[in-house]
Amino acid sequence: MVPHLTTALNGPLLSLEKSMLDAMPKIEHWFRTQWLEYAAPFYASVDLRNAGFKLAPVDTNLFPGGFNNLNPEFLHLCVQAAMVAVEKICPEAHRLLIIPENHTRNTYYLRNVVELANILKQAGMNVRIGSISPEITAPTKFETQGGQTLLLEPVVRIGNRIKLAEATVDGVTLEAFDSCAILLNNDLSGGIPEILQNLEQDLIPPLYAGWSTRRKSQHFTAYNRVASEFAQLIGIDEWLLNPYFDTCGEIDFNARTGEECLASKVEQLLEKIKLKYAEYGVTQEPFVIVKADAGTYGMGIMTVKSPDDVRDLNRKTRNKMAVVKEGLQVSEVIIQEGVYTFESIDDAVAEPVVYMMDHFVIGGFYRVHTGRGVDENLNAPGSSFVPLAFAKPCTLPDCAGAPDAPPNRFYAYGVVARLALLAAAIELQEQNPLNQ
């Protein structure tokens, strides 16, 4: 079953969805030409927000950690996409080493690693999980959410390769493992560890895709170009699928420096949004999201509706904004147009998350939060996360059906998610040290 979606302002978005359905052959041809020019990331997930009058990506993750939330019925889509993705990187690959995040206490994340490994195994790969955590000094078994067992093995570096040493686990000998390629499911927020530097093996995604170097503002700069070209292609206002943004690069929340820069940019962005709201007859109050320009896990994020909100931050909020994952200090923020979500499931606020491998949509789910509002970040630490899988892939619209029929709404989600994926491909190409 498709979860029932409640969309309060569905008029203009139905028009946007209809524009996409009418232009579907043109859109798919355009995507094909783009993928001839740009190499799609190995995998990615995109957080979308559906405001009824606007459908836009608000975050793109190049190290997705929610494969455990995908509908198992779409496994065949995942496997086919994984085959294509692996063939592009290393056509003769038959061994693949996955390096996950170091945290081992999140049993849902560990379940994600199991599901990701399962997809790759079914794509014909011999897969093992290698840990770079200093806490993992011998092969160690962990129980995941759902009761599966995950074996993490310590990675060793020999020359310019990383491998798994021969080991015995429960009386069974595990052979030494030297892989053709290494798949990172670790976003490198804490920096690039020495053990991963200057390797001769293929690292997927590349090290410069990690948060130690990547910036959200780089991604949305690329997305501006993609959205502009796409909007011209199908004859719509680019704003309907593109959030405004700005940056502030000299902020220190604890020392309270850079606040005026931030407040000024917040004010300018809110004024731009107000003009668009007036143009489209939107009666909601404009807001922006201020978040760390680098980082994940919903840390270092706040909703702002007035420049005074920035000037009047209390100590608790300043402390929350000052530090993100791995204890990194925040000095650069992106100020992004806030996009309301008027979708809900059982009275809880919801937003769709679309998953892709190579340039294929392989499924998605709803991030649902019972304790957050329509103008708040739903990817919050400690949140009650209730994923519900899409019942149909985001790639097969029913052109004869109503624009808001589930496959059609999901097609629109798939289109916008692939626009963000294309932006990530452009971003990675431009950040490649070999191209600079």
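Some points to look at:
- Mean-square fluctuations from a GNM of the chain, with a 10 angstrom spring cutoff on Cα atoms, peak among Pro91, Pro286, Pro307 at Pro91.
- Distance from segment 354-370 to segment 416-436 (C-alpha centre basis), Å: 19 Å
- Beta bridge orientation in segment 137-278: antiparallel %, DSSP, nearest 5: 80 percent
- FRET efficiency, 1/(1 + (r/R0)^6) with R0 35 Å, evaluated for Gln122 and Asn102 via beta carbons: 0.85
- Shape call, segment 72-209: gyration tensor on alpha carbons, a/c limit 1.5: rounded
- Which listed pairs, of Lys141/Lys163; Lys272/Lys320; Lys163/Lys320; Lys276/Lys316, have C-alpha distances above 30 Å, in listed order: Lys163/Lys320; Lys276/Lys316
- Segment 49-144 shape via C-alpha gyration tensor axes, a/c threshold 1.5: oblate
- Label zone at Thr33, where the point sits 7 Å out along the Cα-to-Cβ direction: segment 13-27 residues whose backbone N lies under 15 Å: 24-27
- For the listed peptides 114-121, 71-78, 216-223, a ranking on the average number of other beta carbons within 10 Å per residue, highest first, reads 216-223, 114-121, 71-78.
- Peptide ranges 339-348, 355-364 listed from the most packed, as the mean C-beta count within 10 angstrom indicates: 355-364, 339-348
- Over the chain, dividing the summed -39,500 (n - 2.57) contributions of all DSSP H runs of at least 4 residues by the number of residues returns a 222 nm mean residue ellipticity of -10500 deg cm²/dmol.
- Mean separation of Cα contacts under 8 Å (6+ apart) over length of the chain, as relative contact order %: 22 percent
- Taking the Cα centre of segment 72-209 as reference, the dipole from Cβ charges on Lys and Arg (+1) and Asp and Glu (-1) amounts to some 40 debye.
- Using the Cβ-Cβ distance between Asp170 and Leu75 with R0 set to 35 Å, the FRET efficiency works out to roughly 0.80.
- Protection proxy ranking for 169-176, 94-101, 229-236, using the average of other Cβ atoms within 10 Å per residue and placing the highest first: 94-101, 229-236, 169-176.
- Listed residues Val155, Val354, Leu36: farthest to the positive end of the dipole of the chain (Cβ charges): Val155
- Computed over segment 250-330, the range of Cα coordinates on each principal axis works out to 42, 25, 20 Å, biggest value leading.
- Highest-fluctuation residue, Thr247, Thr168, Thr213 considered, GNM on the chain with Cα pairs under 10 Å: Thr168
Any read-out appearing in this document is the output of simple, stated calculations on the displayed coordinates, not a laboratory observation. Note that the coordinates shown come from a computational prediction; the quantities given were computed from them, not determined experimentally. Positions of Cβ are backbone-derived with ideal geometry, glycine not excepted, and every protein chain shown enters the neighbour counts.
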